[in-house]
Amino acid sequence: QVRLVESGGGLVQAGDSLSLSCAASGRTLAMGWFRQAPGKEREFVATINMRAGSTLYADSVKGRFTVSRDNAKNTEYLQMDSLKPEDTAVYYCAARNQPGLRVQAVQYDYWGQGTQVTVSS
């Protein structure tokens, strides 16, 4: 069982930047970020292959968010730039025991507790 611990998040203004991190207690082959706004379903944000470093982004964040990893620390990061009010959500870290970039939440084996990101206009 792998435990995921997120950090970062908070309240920022539109146009600001924010960084999230997620530390895994063990090695995983792929990690990702999802988010869930009030009254909406959880949606895919970004994912990264921990070995190859390849990435995939949702269209809504492409060009503004960057996912990266540090294999030595079993940690992934999400750098969020040019934040918009519609980015407001609880952000969840996720991890898979299989390689490959996946966008569906059901394809992830482990989940973090979530961290709130609020962007004011």
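Summing Cβ point charges (Lys, Arg +1; Asp, Glu -1) relative to the Cα centre of the chain gives a dipole of roughly 360 debye.
Where the only charges are on Cβ atoms (+1 Lys, Arg; -1 Asp, Glu), what is the dipole of segment 25-67 about its Cα centre, to the nearest 20 debye?
Working: 7 positive and 3 negative charges, 25 e Å.
That gives segment 25-67 a dipole magnitude of about 120 debye.
Using C-alpha pairs under 8 Å with a sequence gap of at least 6, the mean separation divided by the residue count of the chain gives a relative contact order of 36 percent. Computed with a 1.4 Å probe over protein heavy atoms only, the accessible area of residue 77 comes to about 70 Å².
Net charge in the neighbourhood of residue 89 (other residues with Cβ under 10 Å of its Cβ; Lys, Arg +1, Asp, Glu -1) is 0. Among beta bridges from DSSP that stay inside the chain, the antiparallel ones total about 90%.
Which residue fluctuates most in the GNM of the chain (Cα springs below 10 Å): 95, 52, 23? Maximum among the listed residues: 52. Each 5 Å bin, from zero up to the one with the longest distance, holds this percent of the alpha carbon pairs of the chain: 2, 13, 24, 26, 20, 10, 4, 1.
For the set 111, 33, the ranking by accessible area, highest first and with no ligand, DNA or RNA atoms included, is 111, 33 under a 1.4 Å probe. Take residue 5: with every protein chain present and a 1.4 Å probe, its accessible area is about 60 Å².
The values are calculated or read from the model by the stated rules, or taken from the named source; none is laboratory data. Model, not experiment: these values are computed from the prediction. For neighbour counting, all protein chains shown are included, and Cβ atoms are generated from backbone atoms with ideal geometry for every residue, glycine included. Heavy atoms of the whole protein, side chains included, go into the accessibility calculation; ligands, DNA and RNA do not. Shrake-Rupley method; radii C 1.70, N 1.55, O 1.52, S 1.80 Å.
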